[in-house]
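These notes concern the structure reproduced below.
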Amino acid sequence: MLYQAFPYLNLTQTHVSGLDMDLASRFDIGSAGRLNASLNYSHTFHYIFGIAGDSVDLAGTHGPQIISGDTGNPKDRATASLAWDLGPWNVTASVNYVGTYNLTDPTSGFNTCQFAIESGGVLGPQLTRFPGTFPAAAAPLLQYCDVKSFTDVDLYARYAFNKNWEVHGSIMNVFGTQPPVDLQTYGAAPGDAPYSPAMAQAGAVGRFFNVGATYTF
């Protein structure tokens, strides 16, 4: 019998540094009710990924594809909310922000934006049959080297008739913000649509309404 052994060998290491911040405050506005404000913010200074004796900083890039599922690795993410309470009423507005990142991913050999578009992700197979032969007609795609930031706003309201009954409704992505173009990701369906569902799925869905009622026994 002929066989070949492939033993596992751990050659990777990861060092991450960043800032996580949570702020919350409550304001009593007298007969007009109460306001509750909160902010959650995360910033990555460095995402040092070591593999096979080398290391790269992946903060703000599309890597590491082999771990993240090719979702992208923005340096900045934040969620801010403001809630108003008055008797049976609660109205909350939330703003969700995902910062920009580029298409490169050194862990996959995509060291330049052009190579990332040409060889990986959504449009690579359609652009060229052979890596390194980026067609002139595709040059406008280079404007998408950086995936733009994405911000969407959600609105939620609730009215409690009593301790058992309440009605509620929400509008997700109130302004119908479109997702930014991401030509490197492979995760968007159908047909490998050029956006990151992990970062901007609300933009792909668009403005979404929900109304319901809850009864507690």
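Mind checking whether some residue in region 19-28 is under 20 Å from the mean Cα position of the chain (by Cα) and crowded, with 16+ Cβ neighbours inside 10 Å? Checked region 19-28: no residue is under 20 Å from the mean Cα position of the chain (by Cα) and crowded, with 16+ Cβ neighbours inside 10 Å.
I'd like to know if region 172-184 contains one or more residues that are assigned to a loop (DSSP other than H, G, I, E, B), more than 16 Å from the chain's Cα centre (by Cα) and farther than 30 Å from residue 90 by Cβ. Scanning region 172-184 turns up no residue that is assigned to a loop (DSSP other than H, G, I, E, B), more than 16 Å from the chain's Cα centre (by Cα) and farther than 30 Å from residue 90 by Cβ. Of the residues making up region 59-78, none is hydrophobic (A, V, I, L, M, F, W, C), over 14 Å from residue 147 (Cβ atoms) and touching a Leu at 6+ places or on another chain (Cβ under 6 Å).
Hey, could you check region 49-66 for residues that are of a type in the set (Gly, Ala, Ser) and part of a loop (DSSP other than H, G, I, E, B) and say which is surrounded by the fewest Cβ atoms within 10 Å (Cβ to Cβ)?
53
Which condition from (1) in contact with a Leu (Cβ under 7 Å, 6 or more places away or on another chain); (2) over 20 Å from residue 40 (Cα atoms); (3) modelled with pLDDT of 85 or more is the one that residue 160 breaks? Here residue 160 meets the rest and fails (1).
The values are calculated or read from the model by the stated rules, or taken from the named source; none is laboratory data. In this text the structure is predicted, and so the values were computed from the model without any measurement. Heads up, the Cβs are rebuilt from the backbone with ideal geometry, glycines too, and the neighbour counts pull from every protein chain shown.
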